Amino acid sequence: MDALLAGRSALAVFPTGSGKSLCYQLPALLLDGVTVVVSPLIALMKDQIDMLSARGVPAARLDSSLGADETRAVTGRLRDGSLKLLYVAPERFNNERFLAQLGETKIALFAVDEAHCISEWGHNFRPDYLKLAARARELGAERVLALTATATPAVVADICEGFGIAKDDAVLTGFYRPNLTMLTTPVLADARDRALLDRLRDRPTGSTIVYVTLQRTAERVAEELAAAGLPARAYHAGLGTDERVAVQEWWTGSGRNIVVATIAFGMGIDKADVRYVYHLNLPKGLESYSQEIGRAGRDGEPSTCELFASRDDVPTLENFVFGDTPTRTSLAGLVHEVFAHDVGTQFALSEYELSARHDVRPLVLKTILTYLELDGYVQQGTPFYAGYSMRPVGDSFDEVYDRFDGARAAFLRRVIEGGKEGRIWTAIDPDSYGDERQRVVAALGYLEEQRLVELKVSDVRQRYTLLRACEAPDALVAQLSERFDRREQAETERIQRVVSLVEHDGCQVQSLVGYFGEQRDEPCGHCTFCLTGVAQVIPAGVEPPFAASFDRAGLETLRDEHPSALGEPRQVARFLCGLTSPATTRAKLTRNPLFGVLAERRFAEVLAGYDRSLSA
């Protein structure tokens, strides 16, 4: 806060629950101008705004859950200067109208939560975060505050370089938590459910989180615990919004309930008395592990964190990583399509269609386009919708026409009657009106604002402008491919560090905090190694011979039938490991009995084994 009030930018690396939000909320009240808070979590925005509003602090958010009237009200407050804090998602900075509004606003402080996401080597990389440092400079933000709970020295350096933060203004409070007993328990995969149940029965009751990797595991384990008479419910991203909220409130309001959750759970939840955090599966990295166990004992009281370590989890975690890496053919096709446009022209693309056409997962596609933008090849504009559906609020569209004079009524009649009429909704394609597209979209928006029609939008398109030609497309494809290979290696190394922590021959807490750059002179006394004096070994499972694990002839037949989905060894390996891609989904190959037949095997082994089978 001293750095911010002195006009300098700063970085705060504080553990979960240690007051990061106060570091921008309090200065925001003293600074002249608005504080823009960038957060990826709508639930966190809502909670903080409710808290601030209850204390009389003028705060608001702009996100996709707001209606047109709510959005207009917030932008009006931003324009008249009555807002002190505005919360937005990082994707909002691709909206040209929003950027224009911010450009006319005095931004006293630009706060970026989960700032490790701006680093490609952070554990939760998000493409839109990469552009935030440039956006802050373009908007003339007077100072920046970057915040995160977990950052290695390399990620700290990335954040400071990106936002122009001086080394002395990077404040790291340390990762050591003396009230947490950190246990690691090697176990075979088929024994850990019983081990968890035994722990939950033997210990005193207390608020509990059980972290798992997969949604189906969360459901299965929650059912097993409930059947054993324990108050347990599942939480994951596959649940509906209302159900997730209900589970969260059920758990938050109790001092004994157990939530079995994927990592979708816990971000921004303000509950200080979590007594136990169990990891039934290996976490995907030490950053995730540190953040997740950091949700225990935030009231300072003794709490227990236990990791049931099974080597069988490694393939699943690694396969998530390998599933994201595009093939060179996919990269080449994507690069060719982007650079087929003339320099200086604006073009629109459907990320969904582009993803399917080149068999690149949507988030990976956004990452590639972000790389091209940061390298100065393209510039992203405001997204728009290609599809609109509408129905009258009254009995018929005739009531709509009657509200306007002759020329406007005739225009609306032409647009609506030119649409495709369904049983309830009339579909309108604004692109079919050529140069009148903007007028059509504006008219539809006005009808909705006046509550004359109900409007639904679909088929989002992204605008891009090609800024310069690519003189060496092959070299660009090679550069992009190398970039993904490096990420693949970094992520697999991240998983191996978790295994190494479990088997570390020494104080495991010293090793964990040392990864984040914190040096401790004395062993902690409350990790498994300190309590037992013995280094652990994770038992190895028994693997069947690779060649006997799948039907080669059936696979080759399938490959001949679907060359676009299974034409390359990497695509085949993804398929055998049960990793979906746009092409396999479109071809309905996820229903094939061979899909996921090697899901328990490591991707690199499956890829190498399949390559060998081709050359045999």
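The values are calculated or read from the model by the stated rules, or taken from the named source; none is laboratory data. Computed from a predicted model, the values in this text were never measured in an experiment. Backbone-built Cβ (ideal geometry, glycine too); neighbour counts: all protein chains shown.
For the reader, a short list of remarks on this structure follows.
- Qualifying position, being of a type outside the set (S, T, N, Q), in contact with a strand residue (DSSP E or B) (Cβ under 6 Å, 6 or more places away or on another chain) and either assigned by TED's automatic domain parsing to the domain that holds ILE159 or surrounded by fewer than 20 Cβ atoms within 10 Å (Cβ to Cβ) (or both), among ALA115, ALA68, ALA73: ALA115
- Within the stretch 341-364, tally of residues that are assigned to a loop (DSSP other than H, G, I, E, B) and of a type in the set (A, V, I, L, M, F, W, C): 2
- A single entry from ARG201, ARG216 fulfils the requirement of being within 30 Å of SER500 (Cβ to Cβ) and basic (Lys, Arg): ARG216.
- Residue in the stretch 137-150 that is among the basic types (Lys, Arg), crowded, with 23+ Cβ neighbours inside 10 Å and either over 29 Å from TYR515 (Cα atoms) or in contact (Cβ under 8 Å) with a residue 60 or more places away in the chain (or both) present: yes
- Qualifying residue in the stretch 42-50 (condition: over 24 Å from GLY174 (Cβ atoms), surrounded by fewer than 20 Cβ atoms within 10 Å (Cβ to Cβ) and free of Cβ contacts under 8 Å to residues at least 24 places away in the same chain): yes
- Extreme residue, farthest from the chain's Cα centre (by Cα), among residues of the stretch 565-599 that are among the charged types (D, E, K, R), assigned to a helix (DSSP H, G or I) and farther than 21 Å from GLU318 by Cα: ARG591
- In the stretch 153-182, residue nearest to LEU374 (Cα to Cα) [restricted to those that are surrounded by fewer than 20 Cβ atoms within 10 Å (Cβ to Cβ) and among the β-branched types (Val, Ile, Thr)]: VAL171
- Only a single item in (1) touching a residue at least 60 places away in the same chain (Cβ under 8 Å); (2) touching a strand residue (DSSP E or B) at 6+ places or on another chain (Cβ under 7 Å) is not met by TRP250, and it is number (1).
- Pairing each residue of the stretch 499-518 that is within 15 Å of ALA151 (Cα to Cα) and among the aliphatic types (A, V, I, L, M) with any residue that is at pLDDT 95 or above and surrounded by fewer than 20 Cβ atoms within 10 Å (Cβ to Cβ), provided the two are 6+ apart or on different chains, yields no C-beta distance under 8 Å.
- The numbered conditions (1) under 29 Å from PHE320 (Cβ atoms); (2) buried (at least 16 other Cβ atoms within 10 Å of the Cβ) are all true for ARG483 except (2).
- Test: residue in the stretch 59-81 that is within 20 Å of the chain's Cα centre (by Cα), closer than 30 Å to GLY517 by Cα and of a type in the set (Ser, Thr, Tyr): no
- For the stretch 366-376, the criterion of being among the basic types (Lys, Arg) and either surrounded by 19 or more Cβ atoms within 10 Å (Cβ to Cβ) or within 19 Å of ASP128 (Cα to Cα) (or both) is met by at least one residue.
- Taking first residues from the stretch 429-455 that are in the same structural domain as THR382 (by TED's automatic domain parsing) and partners that are aliphatic (A, V, I, L, M) and surrounded by fewer than 13 Cβ atoms within 10 Å (Cβ to Cβ), the Cβ contacts under 8 Å between residues at least 6 apart in sequence or on separate chains come to GLY445/ALA68; GLU448/ALA68; GLU449/ALA68.
- Filtering the stretch 322-345 to residues that are buried (at least 19 other Cβ atoms within 10 Å of the Cβ) and of a type in the set (A, V, I, L, M) leaves LEU331, ALA332, LEU334, VAL335, VAL338.
- Qualifying positions in the stretch 201-231 - farther than 14 Å from ALA261 by Cβ, hydrophobic (A, V, I, L, M, F, W, C) and either exposed (fewer than 13 other Cβ atoms within 10 Å of the Cβ) or modelled with pLDDT under 95 (or both): ALA227, ALA228
- Taken as a whole, the structure leaves THR316 outside the set of residues that are within 30 Å of GLU471 (Cα to Cα), surrounded by fewer than 22 Cβ atoms within 10 Å (Cβ to Cβ) and not hydrophobic (A, V, I, L, M, F, W, C).
- Note on the stretch 369-388: among residues that are among the hydrophobic types (A, V, I, L, M, F, W, C) and either over 21 Å from ASP342 (Cβ atoms) or touching a Lys or Arg at 6+ places or on another chain (Cβ under 8 Å) (or both), the one that is modelled with the highest pLDDT is LEU374.
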